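The values are calculated or read from the model by the stated rules, or taken from the named source; none is laboratory data. It should be emphasised that the depicted structure is a prediction, and the values quoted were computed from it without experimental measurement. A quick note on method: Cβ atoms are made from the backbone with ideal geometry, for glycine too, and the neighbour counts reach across all protein chains shown. To get the accessible areas, we keep the full protein, side chains included, count just its heavy atoms, and leave off ligands, DNA and RNA. Shrake-Rupley method; radii C 1.70, N 1.55, O 1.52, S 1.80 Å.
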Amino acid sequence: MQPHSTGIKTDKTIKIALVGNPNCGKTALFNALTGSKQRVANYAGVTVEKKHGYFITPKHHTCTLIDLPGTYSLRSRSPDEKITRDIIFGEFNDEAQIDLVLCILDATNLSNGLRLVLELQKSGHPILVAINMMDIAKRKGYIYDLSLLEQELGCRVIPTTAIKKVGITKLVNVIDEVMPIASKSINSWSESSIYETREYHAQVAQILNKVKLSEGALPKVSDRIDQVILHPVWGILILLTVLFLLFQAVFTWSVIPQNMMQDWVAKLQEHVVSMMPGSLFGSLLGNGIIAGVGAVVVFLPQILTISLFIILLEDSGYMARAAFLMDKFMGAAGLHGRAFIPLLSSFACAIPGIMATRVIENRRDRLVTILISPLMTCSARLPIYTLLISAFIPAKKVLGWLSLQGLVMFGLYFTGIVFALLMAFVFKHFFFKGERQPSILELPSYKLPMLKNVLIELIKPAKSFLKRAGTIIVSIMIILWFLSTFPQAPSHATDPAINYSFVGIVGKFLAPFFAPIGFSWQIVAALIPGMAAREVAVSALGTIYALSGEEDALRQSLSVLLQHSWTLATALALITWYVFAPQCISTLAVAKRETNSWKWPIIMFSYQILLAYIMSFIVYRTALAIL
Amino acid sequence: MGAIALDKLNKGDRGIITKIDETVLPQSPGLAKGEIESRLLEMGFIEGARLTVMHLGMINHDPIAVRINNSSSIIALRKNEAGAIMLEVA
């Protein structure tokens with residue numbers, strides 16, 4: 001014990017919970033206080049991320065800052081929303097009791113924040129209030145008597161402009177001042193009824209009546225921008241332009257660095273394997289580990305691109321507007337207005353798409369969006385579609401000018417979308433029966449995103465993907481290598497080595513199950529390494545049919561070979577299979593990380609495989625009957 | 001002019017909230033009693049507050065975006081929930 005200690009905090013870390021309404025600059029304050037000293041993990045059993053940051057005060061208090069999801073009250077409707085409440089009341093298992101609540105308010109919109117402060121005071125915790133966005137408030141003409149507000153609330157109030165790091169030093173000094181004397185009183189919180197919430201409203205009105213010396217002007221510029229952005233015609237056109245840019249960025253631009261990385265990985269892999277010819281270790285290193293790590297890092301350009309878009313759209317305030325415009329369309333399928341961003345990204349790849357579902361706060365809406373995102377036709381399906389379409393669909397013209405092959409390709413995209421919406425509807429009713437949540441959305445006034453904040457936020461999803469989904473993907477890639485390498489081919493073998501491996505064995509074993517949908521054992525076997533990534537299926541087919549060569553040449557000869565060994569019905573069934581089937585381990589791994597449970601990836605896998613089997617069966621049988 | 005529900009208003013209309021009452025809405029299965037009313041209250045809707053209808057959705061005027069008092073932000077809600085908010089139109 002330190003001599004000057006009053007029995008309260010000295011050496012011990014101070015645990016501070018950061019609470020506030022959405023859009024009040026909470027993340028900016030978190031970044032301003034902790035800088036790069038942040039750690040992201042998962043809470044057990046929920047999809048919310050646990051964001052911790054650290055800082056040391058001038059008086060050497062080590063503080064742990066816990067960033068809690070933005071909220072308007074402590075009431076909770078789902079396990080995710082319960083986190084805030086559980087942490088504040090120390091009812092959360094993997095979290096120690098907190099010592100202080102830091103509540104952040106938007107200075108241009110105090111009433112919503114003050115009601116939260118009043119509610120938090122019932123928890124009995126010492127509270128600090130940061131009135132944020134003071135720069136905007138001043139410019140708009142808001143004047144508050146902050147010392148009177150301190151008296152009214154009975155706690156310290158610090159003006160801040162977190163995005164410009166104004167008021168942060170003061171805030172940290174106040175933490176030093178209050179910590180030695182702060183003590184917890186009795187928790188008298190209970191979920192407020194509609195009467196109590198009205199009571200809070202009345203109290204806040206009284207307080208504001210005293211402390212608000214001058215009302216600010218309306219955000220004229222913001223309102224004027226909204227006249228265009230939310231316009232029934234221009235608004236939709238602008239939204240389509242933004243979506244088109246996003247699609248371009250993820251689909252076309254980020255593919256350039258992605259292809260470069262893929263080439264490097266392939267070269268390195270080749271190099272390693274050729275350096276140790278015939279050696280198992282070389283094969284493990286090259287085809288297992290390097291291929292595995294490569295499979296992870298190639299997603300980075302897309303994840304960074306989509307994240308950059310999302311951060312800019314969020315920080316500027318456009319995201320909420322887009323959700324407003326899309327609400328009716330998405331709502332028809334039971335989806336949240338914000339689901340269009342993840343779903344659109346899923347056309348490039350479901351991995352960044354699933355990560356983008358973080359923009360949806362509501363847990364059920366988020367889970368449904370995650371579940372259907374693999375049905376959006378991702379770019380990795382293109383190689384196998386191209387191969388099969390060029391091999392089996394005649395290059396005819398329909399109605400004189402439409403290419404039949406292009407039409408089939410479009411049909412595949414279209415089928416994916418239709419079934420995604422259909423499944424969204426089914427999931428809403430099956431898993432979340434009757435939970436029709438009212439959707440009330442705040443459209444904050446427009447703000448210019450700050451570069452530094454954008455950069456800090458940009459590396460977070462990339463880091464969490466590399467660290468957490470990456471480990472699963474690499475391990476699975478190594479398992480797949482093992483399955484396609486062992487047992488090794490006998491020395492007198494005539495068939496390709498993979499046919500003697502577990503992949504070959506399992507392929508032959510499973511063949512009877514897939515016979516009703518027209519798949520030969522070679523197809524089934526190729527589907528297994530194809531789990532690593534959909535585009536791998538092409539080279540896997542090549543390996544199994546004992547072809548080798550450069551990718552384009554391989555595709556050429558494979559196309560000819562397949563025409564001779566498969567019927568059209570089989571080809572159509574396989575294409576259908578790829579529309580629906582869970583042919584991508586990385587997607588499942590990311591779904592696991594993002595939902596923080598195996599339940600949802602298992603549901604995803606099961607419904608996809610069921611859907612794929614049924615649809616392929618229908619297509620195969622129909623094709624057999626009419627062709 | 002008597003009280004009118006928010007979902008019946010046009011763009012640019014202003015009024016004072018006279019009553020927030022979710023019991024006038026059709027029953028929402030799966031939602032606890034008082035849930036919609038609580039949400040509306042938490043987002044800043046309260047009897048006596050001034051509302052301005054800022055924007056209406058393209059299809060069927062849904063959703064509805066309103067400004068509460070002088071707030072810097074705008075609140076958007078669906079027509080269904082807006083039916084619980086009664087106003088005296090100015």
Inset, instruction - Working only within the stretch B:19-41, note down all residues that are within 9 Å of chain A (Cβ to nearest Cβ) and part of a loop (DSSP other than H, G, I, E, B). - result: B:28, B:29, B:30, B:31, B:32, B:34
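Taking residue A:317 as the residue in question, decide whether it is among the small types (Gly, Ala, Ser) and on the phi > 0 side of the Ramachandran plot.
So residue A:317 fits the description; yes.
Within the stretch A:121-143, track down each residue that is away from chain B (no Cβ under 14 Å) and in contact (Cβ under 8 Å) with a residue 40 or more places away in the chain. Outline the logic, then answer.
Going residue by residue through the stretch A:121-143, those that are away from chain B (no Cβ under 14 Å) are A:121-130.
A:122, A:123, A:124, A:125, A:126, A:128, A:130 - these are the residues of the stretch A:121-143 that are away from chain B (no Cβ under 14 Å) and in contact (Cβ under 8 Å) with a residue 40 or more places away in the chain.
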Inset, instruction - Check whether at least one residue in the stretch B:13-32 is under 20 Å from residue A:327 (Cβ atoms) and of a type in the set (Lys, Arg), and report yes or no. - result: no
Inset, instruction - Please tell me if residue A:292 is over 22 Å from residue A:257 (Cβ atoms), at pLDDT below 80 and open to solvent by less than 40 Å² (accessible area, probe 1.4 Å). - result: no
Legend entry - Unique residue being touching a residue at least 40 places away in the same chain (Cβ under 8 Å), over 13 Å from residue A:578 (Cα atoms), open to solvent by 30 Å² or more (accessible area, probe 1.4 Å) and not hydroxyl-bearing (Ser, Thr, Tyr) when the list is A:354, A:417: A:417
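Could you check the stretch A:110-124 and list, in sequence order, the residues that are in a helix (DSSP H, G or I) and not basic (Lys, Arg)? It would help to see each step written out before you state the result.
Filtering the stretch A:110-124 down to residues in a helix (DSSP H, G or I) leaves A:110-121.
Result: A:110, A:111, A:112, A:113, A:114, A:116, A:117, A:118, A:119, A:120, A:121.
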Inset, instruction - Just one of (1) in a loop (DSSP other than H, G, I, E, B); (2) under 30 Å from residue B:63 (Cβ atoms) trips up residue A:421, so point out which. - result: (1)
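Do we find a residue being assigned to a helix (DSSP H, G or I), open to solvent by less than 60 Å² (accessible area, probe 1.4 Å) and of a type outside the set (A, V, I, L, M) anywhere in the stretch A:179-196? Quick ask: steps written out before the conclusion?
Going through the stretch A:179-196, the residues assigned to a helix (DSSP H, G or I) turn out to be A:194-196.
Right, trim to open to solvent by less than 60 Å² (accessible area, probe 1.4 Å) and you get A:194.
Checking which are of a type outside the set (A, V, I, L, M) leaves us with none.
The answer is no; no qualifying residue exists.
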Inset, instruction - State which residue is nearest to the other protein chains (Cβ to nearest Cβ) when the search covers only the stretch B:47-86 and only residues that are of a type in the set (Val, Ile, Thr) and outside any loop (DSSP other than H, G, I, E, B). - result: B:74
Legend entry - From the options A:193, A:185, A:222, residue that is free of Cβ contacts under 8 Å to residues at least 40 places away in the same chain and of a type in the set (Ser, Thr, Tyr): A:193
Inset, instruction - Answer yes if at least one residue in the stretch A:266-281 is within 30 Å of residue A:451 (Cβ to Cβ), away from chain B (no Cβ under 14 Å) and open to solvent by less than 50 Å² (accessible area, probe 1.4 Å), and no otherwise. - result: no
Inset, instruction - Keeping to the stretch A:481-527, report how many residues are closer than 19 Å to residue A:281 by Cα and in contact (Cβ under 8 Å) with a residue 60 or more places away in the chain. - result: 3
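Can you work out which of the residues in the stretch A:127-178 that are of a type in the set (Asp, Glu) and open to solvent by 20 Å² or more (accessible area, probe 1.4 Å) is nearest to residue A:456 (Cα to Cα)? Steps first, please.
Of the residues in the stretch A:127-178, the ones of a type in the set (Asp, Glu) are A:135, A:145, A:150, A:152, A:176-177.
Within this subset, residues satisfying the condition of being open to solvent by 20 Å² or more (accessible area, probe 1.4 Å) are A:135, A:145, A:150, A:152, A:177.
On the way: A:135: 22, A:145: 34, A:150: 33, A:152: 36, A:177: 29 Å.
Ranking the candidates gives A:135 first.
Take residue A:246 and decide whether it is buried (at least 17 other Cβ atoms within 10 Å of the Cβ) and under 30 Å from residue A:295 (Cα atoms).
On the way: buried (at least 17 other Cβ atoms within 10 Å of the Cβ): yes; under 30 Å from residue A:295 (Cα atoms): yes.
Yes; evaluated as a whole, the condition is true for this residue.
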Legend entry - Residues within the stretch A:197-217 that are surrounded by 15 or more Cβ atoms within 10 Å (Cβ to Cβ) and outside any helix (DSSP H, G or I), tallied: 2
Inset, instruction - List every residue pair whose Cβ atoms lie under 6 Å apart, where the two residues are 6 or more positions apart in sequence or sit on different chains, the first residue falls within the stretch A:309-338 and is more than 11 Å from chain B (Cβ to nearest Cβ), and the second residue, located anywhere, is open to solvent by 20 Å² or more (accessible area, probe 1.4 Å) and among the basic types (Lys, Arg). - result: A:334/A:428
Inset, instruction - Return a yes/no flag: does the stretch A:136-144 have any residue that is over 17 Å from residue B:70 (Cα atoms), in a loop (DSSP other than H, G, I, E, B) and touching a strand residue (DSSP E or B) at 6+ places or on another chain (Cβ under 7 Å). - result: no
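Kindly check whether there is at least one residue in the stretch A:226-235 that is surrounded by fewer than 16 Cβ atoms within 10 Å (Cβ to Cβ) and of a type in the set (D, E, K, R).
Taking the stretch A:226-235 as the starting set, the residues that turn out to be surrounded by fewer than 16 Cβ atoms within 10 Å (Cβ to Cβ) are A:227-228, A:231-234.
Then drop every residue that is not of a type in the set (D, E, K, R), which leaves none.
No: the stretch A:226-235 contains no residue that is surrounded by fewer than 16 Cβ atoms within 10 Å (Cβ to Cβ) and of a type in the set (D, E, K, R).
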Legend entry - Test result for residue B:44, within 8 Å of another protein chain (Cβ to nearest Cβ) and part of a loop (DSSP other than H, G, I, E, B): yes
Inset, instruction - Please work out which one of (1) more than 18 Å from residue A:540 (Cβ to Cβ); (2) not in a strand (DSSP E or B) is the condition residue A:482 fails and give its number. - result: (1)
Inset, instruction - Looking for whichever is over 24 Å from residue A:374 (Cα atoms), part of a helix (DSSP H, G or I) and of a type in the set (D, E, K, R) here; the options are A:457, A:442. Which one fits? - result: A:457
